[in-house]
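*Asks:* One structure, pasted below without further comment.
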Amino acid sequence: MKRFRVLIFGLAFAGAAQAADYKSGEPPAISRDVLAKADYVKGRAAFQARCSACHTVGEGVDLAGPNLHGMFKRQVGTKPEFEFSPTLKGAKFKWTPGRLAAWLADPQNYLPDNNMMIPEPVPEKDRINMISFIMVESGAADWPRPVIANANAATDTSKPYSERYPSFWNHMMYNTVRYAFERPGQSEYVVDVYYNADGTVSSNQKGVDGFWHIKEGGPGPAMFCYALQGFDVEPGVMVECIPIAAMSIPRFNERLWKSKGYKDQVINGGILPGRPNQTQPAEKKAG
Ligand code: HEC
C-alpha cells in the first residue's frame, strides 16, 4: 500500500517537541484511578474523530492502521498480519497508558520514522479520555464499560453528519475524487470533483457540478449518493450511491472502484489526498 508522508511536524509542531523519544526514558505513568474515572463518552468521540478512519479497537479488522484490540498485551508493532514500519517492529517494549500518551502527544518524536501520519497530535485535554476509552474497548480495563444511553452515536440523527460519520466526513470533504471515463479508441476523460460540506459539488472542469446527500434509515447500510452533470462525454450526467463505510477508509488511489455508466461505459473512480485551496465554486442554485 502506498503511504503518504506528510512532513508537517517539523514546521507546525516544533513547539511540541518536548515529547521525548522512547529511548530517552520512561514517560510519566498514568494512574489506574485517573483512567477509570475518565470520560468514556468524550474519549469515544475523540477516537471516532481522530482515529477511527484508520483503526478499529474492538475485535475487528486492520484498516490503514492495525486493529488495536489487545494492544496493551503485546509488544509494539507485533499485531499479526499487519505490515509495520521497521521502527515499530524494532521498538522492543509493551504499550502502557503512559507510553500511549507520549505517542499520541507526538508520534513522530516518540517513535521517529514510523508510518502513522496524523494531521495533528491529540490535544492534551482529550488524551486521558481517549486512552481510557481504548483500554475499555481493547480489553485492557479492569473497570466495567460505562452504561450509556444511545451507545451508537451514528444513529443519533440530531447530530450533524460530521459527528455521525467522522471518518467519511474527513475523507470526502477534504480530498479530491477523480473520475476517469474510458473512451474506446481515445484517451480517458478525467475530471476531479470536490464534495462540499454544504451538499454541493464543485470541479476542476468548467461546467461540472452536482449535489450529494446521505441516504439512511432504510433496511440497508447508510449510502453516500451523488448526482453529477456537465461532463464532456455522453450523456454528461452520472448518478451513483456507494456505502458510507466504503468511503470512510482513507485509501488513496486513482482507481478504487469501477462504475458502469450509460451504455456500458466504464468509469474509474478514485481518491487523491487533499484538494486545491481555490476550487471553482459551483453555481449557486435556487431552492
Ligand atoms: C491516517 C491513518 C491513521 C490514523 C488517523 C491513526 N493511526 Fe495509528 N497507526 C497507523 C499506522 C499506519 C500505524 C502503523 C505505524 C507503523 O508501522 O509505523 C499505526 C499504529 C498505531 C499504534 C501502534 C499499534 C501497535 O500494535 O503497536 C497505535 C497504538 C495507534 N496507531 C493508535 C492510534 C490512535 C489512538 C489514533 C487516534 C489519535 C491513531 N492511531 C490514528 C495509522 C493511523
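Throughout, read-outs are computed from the coordinates displayed, never taken from laboratory work. Just so it is clear, the model here is predicted, and its values are computed rather than measured. Methodologically, a virtual Cβ is constructed for each residue, glycine included, from the backbone with ideal geometry; neighbour enumeration extends over all protein chains shown.
*Asks:* Going toward the positive end of the dipole of region 161-272, with +1 on Lys and Arg Cβ and -1 on Asp and Glu Cβ, which of Ile214, Val266, Tyr194 do you reach last?
*Replies:* Towards the positive end, the residue furthest out is Val266.
*Asks:* Next up: Within region 22-138, count lysine pairs with alpha carbon atoms under 27 angstrom apart where the residues are 8 or more positions apart or belong to different chains.
*Replies:* 21
*Asks:* Mind running the shape call on the chain? Use the C-alpha gyration tensor, a ≥ b ≥ c as the square roots of the eigenvalues: rounded below 1.5 for a/c, prolate if a/b tops b/c, oblate otherwise.
*Replies:* prolate
*Asks:* Kindly identify region 50-178 as rounded, prolate or oblate by the Cα gyration tensor criterion: order the square roots of the eigenvalues as a ≥ b ≥ c, call it rounded if a/c is under 1.5, otherwise compare a/b with b/c, prolate if a/b is larger, else oblate.
*Replies:* Oblate, since a/c reaches 1.5 and b/c is not below a/b.
*Asks:* Going through region 62-101, which trypsin sites (Lys or Arg not before Pro) have at most 11 other Cβ atoms within 10 Å and a DSSP loop state?
*Replies:* Details: sites: Lys73, Arg74, Lys89, Lys92, Lys94, Arg99; in loops: Arg74, Lys92.
Answer in residue order: Lys92.
*Asks:* Further question on the same structure: Can you run phi through the Karplus equation (6.51, -1.76, 1.60; θ = phi - 60°) for region 62-78 and list ³J(HN,Hα) in whole Hz, with x for Gly and Pro?
*Replies:* Listing the rounded values in order: 7, 9, 5, x, x, 4, 9, 5, x, 4, 7, 9, 10, 6, 3, x, 10 Hz.
*Asks:* Next question, about the same structure. Which whole-Hz couplings ³J(HN,Hα) result when phi for each residue of region 48-56 is put into the Karplus expression 6.51 cos²θ - 1.76 cosθ + 1.60, θ = phi - 60°, listed in order with x for Gly and Pro?
*Replies:* 4, 6, 10, 10, 5, 5, 10, 9, 9
*Asks:* A further question follows. What's the lysine pair count for region 127-277 at a Cα cut-off below 27 Å, pairs eight or more apart or interchain?
*Replies:* Close lysine pairs found across region 127-277: 7.
*Asks:* Also, quick follow-up: Taking R0 as 41 Å, what's the FRET efficiency between Asp142 and Cys241 from their Cβ-Cβ distance, rounded to 0.05?
*Replies:* 0.40
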